[in-house]
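Below: one structure in structure tokens.
The values are calculated or read from the model by the stated rules, or taken from the named source; none is laboratory data. Just so you know, these numbers come straight off a predicted model, no measurement behind them. These accessible areas exclude ligands, DNA and RNA; they are computed on the full protein's heavy atoms, side chains included. Shrake-Rupley method; radii C 1.70, N 1.55, O 1.52, S 1.80 Å.
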Amino acid sequence: MSSDHVAAYARVLERIASACSRSGRSVEEITVVGVTKGHPQGVLSKARALNLGDLGENKVQEAIVKYGNGELVSIANARRLHLIGHLQSNKVKKAVELFDCLDTVDSEDLAETVARAAGQAGRRVRVLLQVNTSHEAQKSGIDPLRASWLAERVLRLENIDFFGLMTIGPLTDGEREIRQSFADLRDLRDRLERDFGGARLPVLSMGMSGDFDWAIEEGATEIRLGTILWGARTA
């Protein structure tokens with residue numbers, strides 16, 4: 001394990017602590033999802049050295065190559081594997097078998113397909129709804145104005161644990177715009193909890209290597225970090 005990765009993670013932890021201090025939060029509220037996409041299987045040993053309990057991949061096929069059928073997650077000593085990229089319907093069966101958390105559900109059809117596949121696999125899967133709070137056409141995610149409609153339907157499904165919301169910040173360096181997209185997700189979550197009779201949606205997955213400090217200050221509970229931990233992708 002290169003000391004560069006250890007030092008990088010130590011700096012990340014310092015920044016998390018600072019962001020929590022500025023926003024009156026506890027560092028225990030924040031989960032780091034180590035994003036391994038684009039990195040060779042050796043990254044799993046690095047994740048183990050950092051004691052990361054949550055790892056994320058963007059594509060089902062890449063995850064199969066890297067993690068096998070899930071047995072190789074033990075190399076990293078991780079508890080949970082997250083799918084953080086767009087999920088195609090024809091990949092749902094394998095995704096449900098491999099991943100513990102599907103963080104990018106954005107349609108009723110996809111949610112129903114996940115629920116059926118989870119039932120057939122005899123397991124429950126945690127899901128987040130991906131919301132396009134940046135309103136960028138190239139991004140996946142349901143429109144915020146339709147999120148309540150989708151949330152109502154997902155709450156009715158069996159074999160799914162609906163835990164919260166996910167977003168990707170806008171493609172800009174502007175702090176105001178990025179913070180607004182995160183604040184909008186937090187406000188939407190709070191509104192859904194009120195509208196659905198106190199439903200608990202504790203997870204807000206938002207913030208990546210370039211903007212996780214702002215995400216934490218705006219309420220993130222999970223941050224998705226790759227480049228800042230492992231360096232540039234090799235694939």
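Using a 1.4 Å probe, what is the accessible area per residue for the chain, in Å²?
Roughly 46 Å² per residue, with all protein chains present.
Now for a different question. What 222 nm value per residue comes from the helices of the chain, counting each DSSP H run with n ≥ 4 as -39,500 (n - 2.57) and dividing by all residues, nearest 500 deg cm²/dmol?
-12500 deg cm²/dmol
Computing the accessible area with a 1.4 Å probe over protein heavy atoms, can you report the carbon and sulfur percentage for the chain? Walk me through the numbers before you get to the answer.
Working: 5130 of 10870 Å².
Percent of accessible area from carbon and sulfur atoms in the chain: 47.
Ok, one more. Rounded to the nearest 10 Å², what accessible area does LEU50 have for a 1.4 Å probe in the complete protein model?
Surface accessible to solvent at LEU50 totals approximately 20 Å².
Same structure, new question: Hey, what D do you get for the stretch 15-60 in µm²/s if you plug the Kirkwood alpha-carbon radius into Stokes-Einstein at 25 °C and 0.890 mPa s?
202 µm²/s
Can you tell me what percent of all Cα-Cα pairs in the stretch 92-191 are more than 17 Å apart?
The calculated P(r) of the stretch 92-191 puts 50 percent of pairs beyond 17 Å.
Follow-up. Have a look at LEU129, LEU72, LEU98 and tell me which one the Gaussian network model of the chain (Cα, springs below 10 Å) gives the largest fluctuation.
Maximum among the listed residues: LEU72.
Test of understanding: express the Cα radius of gyration of the chain as a ratio to 2.2 N^0.38 Å, with N the residue count.
Dividing the Cα Rg of the chain by 2.2 N^0.38 Å gives 0.97.
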